[in-house]
Amino acid sequence: MDIRDILEKYKDGEMELVEALSHFTKRGIEEMGFANIDTDRLHRTGLPEVIYSQGKTTEQVRLIAERMYLKGIDILATRASQEIYDAVKTVVPGAVYNSLAKTIVYKHKEEITGKGYIAVVSAGTSDLPVAEEAVETARFLNNKVEAIYDVGVAGIHRLFNKWELIRNARVIIVVAGMEGALASVVGGLVDKPVIGVPTSIGYGANFQGLSALLSMLNSCAAGVSVVNIDNGFGAACQASLINKLQDPK
């Protein structure tokens, strides 16, 4: 029940003051003992509650997803295994699993609210799990997304083959492992925000993504910002907020 419903019921005499106030004190928190679902996060921050599955038990994720489903809240679970998905789909009919991204998605209604589209650009095929997490998250957040894969600097001509699609995006997410050079290349050629996502893909001196992270942080291209290693989810959240910014009146 939203605020308008509560106030209307109180105004019409269908709800006592004490009951109305009780709804406000509980608003925003769905207590489950082992978890507190932040049901008001979307209205407060523009980003909804999301289930980070890694570290949770299969049963915990199942119960959280079930409660969200029954409350009419759209569901995105990240870092979810096939076992977790098999459990969730027993209580959330219609939930969809992306085994590459390791995401579970269920939406009560599909809509697009972003002003433009988000381009997700990956350097190599090995970076796809992180890129797909970004794609699934951005689409879950009601953005149009264009995915451009395997266009890294080892074959830079592949990037320019997709250049119009990339440069016309409102926000560009660049996912790259190894030395992470692609974020700087793209950032030096576009007039749009570029969000770099370093991945843990690479040989020994890559240090599980640390070298890519440092390369992106040290980028000479002024318009590049960077999220944590393998954090496709975080990049998509930031891109979504940018894509939904309204022009000043």
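Nothing in this text is a laboratory measurement; each read-out follows from the coordinates by a stated rule. Here the structure is a predicted model, which means the values were calculated and not measured. Positions of Cβ are generated from backbone atoms using ideal geometry, with glycine treated the same way; all protein chains shown enter the neighbour counts.
Odds and ends about this structure:
- Across the options 211, 159, 94, the greatest Cα extent toward the positive end of the charge dipole of the stretch 91-241 (unit charges at beta carbon of Lys, Arg, Asp, Glu) belongs to 94.
- The chain - mean residue ellipticity at 222 nm from DSSP helices (-39,500 (n - 2.57) per run, n ≥ 4, rounded to 500): -10000 deg cm²/dmol
- Counting only alpha carbon atoms, the long axis of helix 232-243 and the longest principal axis of the chain meet at about 80°.
- The Rg/Rh ratio of the chain, with Rg taken over Cα atoms and Rh as the Kirkwood radius over Cα pairs, comes to 1.05.
- The local environment of residue 216, defined by Cβ-Cβ distances under 15 Å, has a net charge of -3 under the rule Lys, Arg +1 and Asp, Glu -1.
- Cα centroid separation - the stretch 187-243 against the stretch 81-104, whole Å: 28 Å
- Placing +1 on the Cβ of every Lys and Arg and -1 on the Cβ of every Asp and Glu, with nothing else charged, gives the stretch 117-243 a dipole about its Cα centre of roughly 320 debye.
- Translational diffusion coefficient (Stokes-Einstein; Kirkwood radius from C-alpha pairs) of the stretch 45-142 at 20 °C, 1.002 mPa s, in µm²/s: 154 µm²/s
- 12 Å beta-carbon shell around residue 190, net charge (K/R +1, D/E -1): +1
- Three-way shape call for the stretch 126-249 based on the alpha-carbon gyration tensor, with the a/c threshold at 1.5: prolate
- Relative contact order computed over the stretch 32-106 (Cα-Cα under 8 Å; 6+ residues apart), in percent: 27 percent
- Once the GluC sites (Glu not before Pro) in DSSP loops with at most 15 neighbouring Cβ atoms within 10 Å are cut out of the chain, the longest remaining piece is 112-249.
- Between residue 108 and residue 126, the distance separating the two model label sites (each 7 Å from Cα on the Cα→Cβ line) works out to 4.3 nm.
- For the stretch 71-218, the share of DSSP beta bridges that are antiparallel, to the nearest 5, is 30%.
- Here the simple spin-label model places points 7 Å from the Cα toward Cβ, and for residue 18 and residue 241 these points are separated by 4.2 nm.
- Considering only the stretch 32-106, percent of DSSP beta bridges that pair antiparallel, nearest 5: 75 percent
- Checked against a 24 Å cut-off, the cross-linked pairs 115/162; 102/144; 11/107; 56/109; 11/109; 9/89 give Cα-Cα distances beyond that limit for 11/107; 56/109; 11/109; 9/89.
- Share, in percent, of DSSP beta bridges within the stretch 90-166 that are antiparallel, nearest 5: 40 percent
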